[in-house]
Amino acid sequence: MNERADSCGIYLVLPSDEAPALRNSLEEILQGGRIACVLLESGAQGGGDPALARELCALTQAHDVAFLVQDDLEAVTAAGADGIHVTGGEEAYAQARRQLGAEAIVGVACATQRHTALVVAE
């Protein structure tokens, strides 16, 4: 296998409403390797369970895998997450970067918006 293929990993998304049920499975998944990142979705109501986010974050980071939270800066800080995935475009990116700093992971959902992708990449 070439070096590029060896560096690929899975971006695992956990729906917040199913995260408690997936907690036990997550341990097994992380032990299997090849996971690049775990994203806890914010869900329809936002927020979520802070204690669960901290628990999942600790579990994920114990396997040397990055843990991100979707669209909730407060939850990122409370959980000790590695970063955030924002769906609000340029303004949401700028706010997250300001609050979390240069070392945090800040992912941005750009879908088919090439302009947004180019702006946040700069």
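Protection proxy ranking, highest mean first, for peptides 25-35, 53-63, 90-100: 53-63, 90-100, 25-35, where packing is the per-residue count of other beta-carbon atoms within 10 Å, averaged. The stretch between H63 and Q95 holds 8.6 nm of extra length on full extension. This uses 0.36 nm per residue minus the Cα-Cα distance.
The numbers here are math on the coordinates, done by the rules we state, and not lab data. Small disclaimer: the values here were computed from a predicted structure and weren't measured. Cβ atoms come from the backbone with ideal geometry, glycine included; neighbour counts cover every protein chain shown.
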